[in-house]
Structure formats: structure tokens, C-alpha cells
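Working notes for the structure below.
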Amino acid sequence: MLPPLKADNDRMTSPLALIINPWIYDFAAFDLWARPLGALYLAAWLRTAGWEVRLVDCLDRLHPDSMAPAAKKRWTPGTGQWRREVLPTPSPLAGLPRRYARYGLPIPAFNRLVQAPPAPDVVLVTSSMTYWYPGVRRAVTQVRQAWPEVPVVLGGAYATLCPDHARRVSGADVVVQGPGESALPRVLAELTGIDPGPPPAWTSLRPALDLYPRLEFAPLLTSRGCPYHCPYCASNRLYPGFTPRDPDDVLDEIEDRAVRLGLSHFTFFDDALLVDAHRRLVPILETVIRRFPGLSFHAPNGLHLGLIDRDMAELMRAAGFKTLRLGLETLDMERQAAMGGKVGPGQFETALAHLKAAGFDPARIGVYILCGLPGQDWGEPLAAARAVRALGARPFLAEYAPLPGTPLWQETLRHSEFDLAAEPLYHNNSFFACRGKNFSWEKVREIKRAALA
Ligand code: B12
């Protein structure tokens, strides 16, 4: 298909989309392979439709203006500290004994990048955590100053999960819910008069990583969505269903990233990487071992540990998995059942034993423990953290971040004394909106100490 051209001062040019990944506004943030993967897929699609795309990623830690002051520690490639600017804590979150900050690119550097000519035809702003919306709002404000006439479209997790709030507060002209591929053809045609046409299947696209001047790793999706329905998770609302990719397609992408871009670190963003492994991950890893030795793989999202048997542990080890995070959630069997019952009695110990036997250092295996759920006693995550520690693995607290529309949402509203429906800042995982009677910040510190002990 011929690219759509527009007349611009008598010159025929491709339409231009400026894509923006806003800052994080939070009490803490550490870059764990952060990439606006959804936006990079949309960029790849628009390019196939003849659009030009520019990216301003406030969280590109490797951008020269974004570098944090030299850190002493050497982090794993793709991870590290962002530059931060401490800000007043927003009043709903007042009293939390931590500093609130904006993480990422300094504002003047952002403005320079956004203002660079030529004028875009549309600005596409992505969003992730609902409670980072102050970053979205600030980005839209800055864009408006630079390009007052250019329409701004907002999508991503915040836009999908809190659409009314986003329409009221973000300043964007249009707020799109769900996968951008569905609504964008119509929205772009209406706003710019240029219709990109129907998108190709996302499974065949490569996220537009070349929009970054420097790269340390490649994010990778072998599937989208999740077949589980864990009550605290919004995956089913963000992407209904479960769509696996053809393993050969994933392998082509790995080859492209390794050979053409020279990358050796790969990070899985899947919700359910190990599901249906015999048809998906197993053939991928078997081929990686044969054809691409020496690569490193990271799995920072909680893996379903009930799906790690001896063969899987050995395969992951041989293929080069370096970062492993397991989703334990809780050792309390009643709550385990309420959270979807993914981990049966003894399964955690068995999975850990398989991983140790395969040669993984248990101290480098992270184990997520849910903390701050409605009605949860604080002794429960504390006990789990101690048990994980006793087995030599490393507990990580997954502080509950309440999400509108999830099965746990109504119960959360009943338990919380804060107006979570009106104010997404209360979704912040450091805030513990369902604190309950015996909550104290000291309790949180005690659990964290137990996790680190
Ligand atoms: C990968 C991932 C991570 C990774 C890295 C994420 C990153 N990008 O940096 C890691 C493991 C670090 C992580 C950590 C956490 N995460 Co997380 N994570 C995810 C996950 C599984 C996938 C995100 C993703 O890349 N999806 C794939 C892409 C293709 O989809 P997408 O980005 O949504 O894009 C599509 C649409 O949204 C839309 N779109 C996107 N942008 C735009 C723009 C426009 C203009 C338009 C029109 C459309 C559009 O179109 C895209 C293509 O279809 C999501 C769950 C999910 N399934 O989305 C949770 C999720 C985002 N995480 C969540 C949480 C809670 C966390 C933690 C707080 C967990 C904890 N308690 O510690 C931490 C905090 C991280 C931090 N402080 O940095 C929550 C969100 C919470 C919230 N209140 O918003 C989610 C939704 C999971 C859940 N519990 O339901 N996470």
C-alpha cells in the first residue's frame, strides 16, 4: 500500500506522529527494563502504514540528559536508577514518610525534544500505572505549550482503567481505552484526516526499538493477555483473552535483535510466559540453546511457579535465564485459593528445588509476596517473607495496587477509608489504601527488613 501523503507548504510529506512516554511520579522508582512496549508496537504499525514516528520517552534512562549521577553499583543491563526531582507530596498522599519525586528526563530537555520541528500531525501519549497520572498531565501540558493546535490522544493502562478521570484530568483531546490498534484508525482519520487503515496482527510486528539512540536490552512478548483471572489483576481488562505468538515469529524477532541490533539481553513482558509452554516457550528455548548461545533472559513478572518442573528449570538455565521472579503471593492456603489458587501446597518448595538443582543461585531468585490486600493481616506477608528467606531465595513485596474493574475492586472499596474511585493517587502501591486496624509504617518496615535480612 502506498503511504498516505499530505500537502505541507506545497511539499508532499508523510504524516508525523509524536509518541510520548510520560514521567513517573512516585515515592520510589527503579528502572526494571521499563519500556513503553504498547506504544512501540503502535509506532511499528504506523510506520508500516507510511507514517513517520518520533518518540520522546521521559523514562529513557540512557538519554544523555536523563542519566542519574554516576551510580557506584553496576546494575544488570536494562536496569538502573533514574534522575529524579523531589516534589511536594500531593495532598491525598500526605503523611507517607517518603519523598515524592518526578523520575526521568528533566523538563527543559523534554521541552527541547518535543519542540523540535517539524510540527507533528498528532501526539500520542501512552500511560502505565494509574497513579502516575500527574506525569501524563504534565506531559500533555508541555505538549500543548509547544504545539497548541496539534490534537493529543491518550491511551494505555491509566486511560483504559480510569477513562473518566483521564478525560477530566489529563488534558488530552481523546482518551482511548484498550488496545490502540482497535480505535486508532478511526480516531486518527477523524483528527488528522489521514486514515492509517487496518493494522496488521500485532504478533507479526516488531516493537520500534530503533527509535532509541541507545539500547541495552530488547523487551519481548511471546503472548498477550492471560488465561488466569486473579482477582487483583487488570490484565483481562487491558487485553481480553490470551493470544500466543507463533514460536518461529518470536525466534525471528530474537534473531533480529541479536544480529541486527547486537543485543544480548532480552526481557519478557508476558503475563503468562509459562502457560502452554510445550507449544510455546519450550520450542523457543530449545532453538535459542542451539542457535543463539550466550544470550541472557530476564523474567521480572511473576512466573507461575506451579509450571516449573525439572525440565523447564533445566531449559531456562541452559538458555541463559538470569533474572527469575516467581509469583508465590501467599503461603496462607485460604488466601491462596481466594487469589486464584495457582500455588498448591509444597509447590513453591518443589519449584525452588528444581531451579537450585538446575544450577540457579537461589539468592538471585526473587519471590513475589502479596502485601496490603483488603483484610490481610500484616503477619501473613511477614511469615511468607521469612519462609522464603529460610529457603535461601529473595522475597520481594508486591504491594497491592488496587485497580478499578478488577474482581477485588468492590471489596477494596469497602475496606478502604480513602476514596479510591475518585482519586487514582490512592492506587499507589506504597500507600496501602486498605491499611486496616493494625497498620503502621513500622510494620511495613519490619516486613521489608524480614525480606532483606
Ligand atoms: C511488564 C509489566 C511490568 C514490568 C515492567 C513494566 C514497564 N513497562 O516498565 C515490571 C515487572 C517492572 C512491572 C512492575 C510493576 N507493575 Co507492572 N505490569 C506489566 C504488564 C504485565 C505488561 C505491560 C505491557 O507492556 N503490556 C504489553 C503492551 C503491548 O500493552 P500496553 O502497554 O497496555 O499497550 C497497549 C494498550 O494499552 C494501548 N496503548 C498503549 N499506549 C497507548 C497510547 C495511545 C495514544 C493509544 C491510543 C493506545 C495506547 O495500545 C497498546 C497496544 O495494544 C502489565 C499488565 C498488562 N497485561 O498490561 C502490568 C501492570 C501495568 N503492572 C502493574 C503493577 C501493579 C506493577 C507494580 C506496582 C507491582 C508491584 N506491586 O510491585 C510494579 C511497579 C513498577 C514500577 N514502580 O516501576 C499493574 C498496574 C497498576 C496500576 N495501578 O496502574 C498492571 C496493570 C498489572 C496488574 N496488577 O493488573 N510491571
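The values are calculated or read from the model by the stated rules, or taken from the named source; none is laboratory data. These numbers were taken from a predicted model, which means no experiment stands behind them. Note that each Cβ is placed from the backbone with ideal geometry, even for glycine, and that neighbours are counted across all protein chains shown. The protein model used for the area step is the full one, side chains on, heavy atoms only, and it has no ligands, DNA or RNA in it. Shrake-Rupley method; radii C 1.70, N 1.55, O 1.52, S 1.80 Å.
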Legend entry - Antiparallel %, DSSP beta bridges [both residues in the chain], to 5: 30
Legend entry - Modelled label reach - residue 116, point 7 Å along Cα→Cβ, the range 132-149 residues with backbone N closer than 19 Å: 139-140, 142-148
Legend entry - Centroid-to-centroid separation of the range 385-453 and the range 258-327 [C-alpha atoms, Å]: 29
Inset, instruction - Could you rank 165, 278 by how accessible they are, 1.4 Å probe, largest area first? - result: 278, 165
Legend entry - the range 6-192 - charge dipole about Cα centre, Lys and Arg +1 at Cβ, Asp and Glu -1, debye rounded to 20: 800
Inset, instruction - First select every other residue whose beta carbon is under 12 angstrom from the beta carbon of residue 191; then total the charges, Lys and Arg +1, Asp and Glu -1. - result: -4
Inset, instruction - Note the direction-averaged projected area, equal to a quarter of the hull surface, for the Cα convex hull of the range 217-452, in nm². - result: 13.0
Inset, instruction - Return, in residue-number order, each cysteine of the chain whose C-beta is not under 4.7 Å from any other cysteine's C-beta. - result: 58, 162, 226, 371, 434
Legend entry - Potential lengthening between residue 145 and residue 350 on full extension [0.36 nm per residue; Cα-Cα distance subtracted]: 68.1 nm
Legend entry - Extended-chain gain in nm, criterion 0.36 nm per residue less alpha-carbon gap, residue 310 and residue 389: 26.3 nm
Inset, instruction - Relative to the longest principal axis of the C-alpha atoms of the chain, give the angle of the C-alpha long axis of helix 347-357, reported between 0 and 90° and rounded to the nearest 10°. - result: 80
Legend entry - Once the Cα gyration tensor of the range 6-192 is diagonalised, semi-axes √(5λ) in Å: 29, 19, 15
Inset, instruction - Please state, to two decimals, what the Cα-based radius of gyration of the range 93-216 comes to when divided by 2.2 N^0.38 Å (N = residues). - result: 1.16
Legend entry - Globularity ratio of the chain, using Cα Rg and 2.2 N^0.38 Å: 0.98
Inset, instruction - Take the Cα coordinates of the range 244-328, assign each an equal point scatterer, and use the Debye formula without solvent to give log10 I(q)/I(0) at q = 0.15 Å⁻¹. - result: -0.50
Legend entry - Computed [θ] at 222 nm, deg cm²/dmol, the chain (DSSP H ≥ 4; -39,500 (n - 2.57); rounded to nearest 500): -9000 deg cm²/dmol
